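One structure is given below, encoded as structure tokens.
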There are 2 protein chains.
Amino acid sequence: MVIDKKSVEKKYSIGVDLGGTNIVSAIVKYQGKIVNRLKVPTLAERGKGATIKRIIETIHKNIVQSTIAPGDIIGIGIGAPGPLDIKKGIINFAPNLPGWRDVPLKKILEDEFNMKVVLENDANAAAWGERCFGAGQGVNNLVCFTLGTGIGGGIIIDGKIYHGNNCGAGELGHMTVNKDGPRCNCGNYGCLEAYSSATGIKNRIKNRIKEGIKSEFLHFDSDDELSESLRLKSIFEAARKGDRLTSDIVEEAISYLGIAIANIANILNPEMVVLVGGITNEGDKLLIPLRKEVRERAFYSNYKSLKIVIGKLAGNAGVLGAAALLWIPNNYSCRG
Amino acid sequence: MVIDKKSVEKKYSIGVDLGGTNIVSAIVKYQGKIVNRLKVPTLAERGKGATIKRIIETIHKNIVQSTIAPGDIIGIGIGAPGPLDIKKGIINFAPNLPGWRDVPLKKILEDEFNMKVVLENDANAAAWGERCFGAGQGVNNLVCFTLGTGIGGGIIIDGKIYHGNNCGAGELGHMTVNKDGPRCNCGNYGCLEAYSSATGIKNRIKNRIKEGIKSEFLHFDSDDELSESLRLKSIFEAARKGDRLTSDIVEEAISYLGIAIANIANILNPEMVVLVGGITNEGDKLLIPLRKEVRERAFYSNYKSLKIVIGKLAGNAGVLGAAALLWIPNNYSCRG
């Protein structure tokens, strides 16, 4: 898709980041300026129809609030959890959106808004956002890890999103890093996600609490309080103070993430690895031990030429990347 | 590089597979027919100059024996161990070729033969051979594991060799599969190569012999006999009979190779994984447990759409792939 640059510069597109907890929708100007942004709870528990209605209402509200003429909006890009059929624009199934089975979201939104709609995997959208407007501007060979509740990934090769044979590429969180490791949500054992995602870290801490190991720094009286107090920030702080309960687990979480990045360095030899998501708030406290692990494990020339950085778009990587799907030539069909 | 097809069909190219033990050189006709093939010992211990002389002599002999007019030969492709500077055609360093440091092999052969010369990583050449003439014909999205003394890899994306940012992609043997595993030749611990290469398997068996574990099926009186009798075929046969010494090690070798393939399936979602090298003589005895491991670990849709096959070119994948570098549009410069 190549669009005449002059006409594009005047135009806008809409990016939507559909998550299990929130829907973020934004009207974005060419070159990544957010004109109007809305964040509403997904309320996934109310069912598929209610969530689709919320997506539609939020986009309409975006347009009205922005006072931009719908004719100046070239389309809608959606980053959604998968598995997806990107070619057809269908969400096949989404673990965090109960009842979503084979939902033709592209067609639904095209009918509603009468504009072009593109569906993309949420981690690919985040990678694309960082590639177009964030840490990876001008980098054609980039791998993005989305480190949140789960761990996803997006791979940019030759300046395009790499989808693989049937749109299943980039499942970086499901690299097996320890064959006898803890069970992962995907059914496998010892996935990166089971060690280094927020959920993985918290589950491992909870298991140790059950085993009777006490924390010197984290305090809670009930299960609810436990969940609440187990915020990543507090966990990392406790670990740094040498807390018995958390320090091994945090150390392993970083070590396994380093192994996964080293594997990516040896397999794909990218120019850049971009990390996005909650855990990246740790900044250098994350990056320094991570780089050490990668240096020890990857081929030296692959390590030396690799920039390992934190994304620059914070919570907006997904929504900006989704909007950018409409403008910037990429590859959003699978290769198979 | 696009060559007029009619003129190409009449032409030949020369493929060279430069290994630590043997040099294989062949004159190859368009579409992969080997017209003349020579295999000579590398004699790497005699030094760089002697080996280069042998390469040149072998190619000259190829041309003379084939009776093909040098004017009908469009060039020479070389698959060589790395690290290489593919752009400049320089072998930077090769662990199995003592004394080779920054050897401008491309220029040396261009000066000698006055024809186009292309240098490529040996595992990439093997992958390219299988892609052009072997198991991967018509497959645009393919990953090849070369399972020999070491483990290498070649990645084909969109029908082209994928080199990564500075020609370091495809080091599949150096995926960390067990963070606390045995030390690998690369300096890291727990690489796939340390478990599943011929050397890895043999080293692990030797270590167990030192620990006093005896084999019921493999017999040897001295260290030399031990090395000789430890042939992969005998090891796998003994393991299948339930041999105490070998069965765990063979099982782990296959299991870790399965994990590496599952990781590739989740990261790259290729259409095909092609296995080449000595261990593939085991055929279904290798493939069946390997596929089981991948099925248990990879995302189901990534596993289901993935063909895991043994290469069809036996020992000629490298030499055919090297020859094909001259004809078939690929990408032999790095992307960085």
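The values are calculated or read from the model by the stated rules, or taken from the named source; none is laboratory data. Note that the structure is a prediction, hence the values are computed from the model and not measured. A quick note on method: Cβ atoms are made from the backbone with ideal geometry, for glycine too, and the neighbour counts reach across all protein chains shown.
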inquiry  = Criterion first (part of a helix (DSSP H, G or I), touching a helix residue (DSSP H, G or I) at 6+ places or on another chain (Cβ under 9 Å) and at pLDDT 90 or above) does residue B:173 satisfy it?
reply    = yes
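Every residue, every condition in (1) more than 19 Å from residue A:19 (Cβ to Cβ); (2) more than 8 Å from chain B (Cβ to nearest Cβ); (3) in contact (Cβ under 8 Å) with a residue 60 or more places away in the chain, yes or no:
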{"residue": "A:152", "(1), (2), (3)": "no, yes, no"}
{"residue": "A:162", "(1), (2), (3)": "yes, no, yes"}
{"residue": "A:169", "(1), (2), (3)": "yes, no, no"}
{"residue": "A:173", "(1), (2), (3)": "no, yes, no"}
{"residue": "A:176", "(1), (2), (3)": "yes, no, no"}
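Table: residues versus (1) in the same structural domain as residue B:97 (by TED's automatic domain parsing); (2) at pLDDT 95 or above; (3) under 26 Å from residue B:154 (Cα atoms); (4) touching a Gly at 6+ places or on another chain (Cβ under 7 Å).
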residue: B:22; (1), (2), (3), (4): yes, no, yes, no
residue: B:32; (1), (2), (3), (4): yes, no, yes, no
residue: B:37; (1), (2), (3), (4): yes, yes, yes, no
residue: B:43; (1), (2), (3), (4): yes, no, no, no
residue: B:47; (1), (2), (3), (4): yes, no, no, yes
residue: B:53; (1), (2), (3), (4): yes, yes, no, no
residue: B:56; (1), (2), (3), (4): yes, yes, no, no
residue: B:62; (1), (2), (3), (4): yes, yes, no, no
residue: B:77; (1), (2), (3), (4): yes, yes, yes, yes
remark   = When residue B:180 is run through (1) under 18 Å from residue A:295 (Cα atoms); (2) away from chain A (no Cβ under 11 Å), the failure sits at (2)
request  = Looking only at the stretch A:120-134, decide whether some residue is part of a loop (DSSP other than H, G, I, E, B), under 30 Å from residue A:309 (Cβ atoms) and not hydroxyl-bearing (Ser, Thr, Tyr).
outcome  = yes
query = Taking the stretch B:255-278 only, how many residues are away from chain A (no Cβ under 12 Å), of a type outside the set (Gly, Ala, Ser) and surrounded by fewer than 24 Cβ atoms within 10 Å (Cβ to Cβ)?
reply = 1
key: Residue tally, condition more than 9 Å from every other protein chain (Cβ to nearest Cβ) and not in a helix (DSSP H, G or I), over the stretch B:294-311   = 5
query = So which of B:314, B:324 ends up being free of Cβ contacts under 8 Å to residues at least 40 places away in the same chain and either more than 14 Å from chain A (Cβ to nearest Cβ) or touching a strand residue (DSSP E or B) at 6+ places or on another chain (Cβ under 6 Å) (or both)?
reply = B:314
key: Only one of B:93, B:133 that is under 30 Å from residue B:273 (Cβ atoms), touching a residue at least 60 places away in the same chain (Cβ under 8 Å) and aromatic (Phe, Trp, Tyr)   = B:133
request  = Being touching a Phe, Trp or Tyr at 6+ places or on another chain (Cβ under 9 Å) and under 19 Å from residue B:25 (Cβ atoms) is the filter; apply it to the stretch B:85-102 and report the residue that is modelled with the lowest pLDDT.
outcome  = B:94
inquiry  = Quick check on my filter: what residues within the stretch B:298-318 are among the polar types (S, T, N, Q) and surrounded by fewer than 16 Cβ atoms within 10 Å (Cβ to Cβ)?
reply    = none
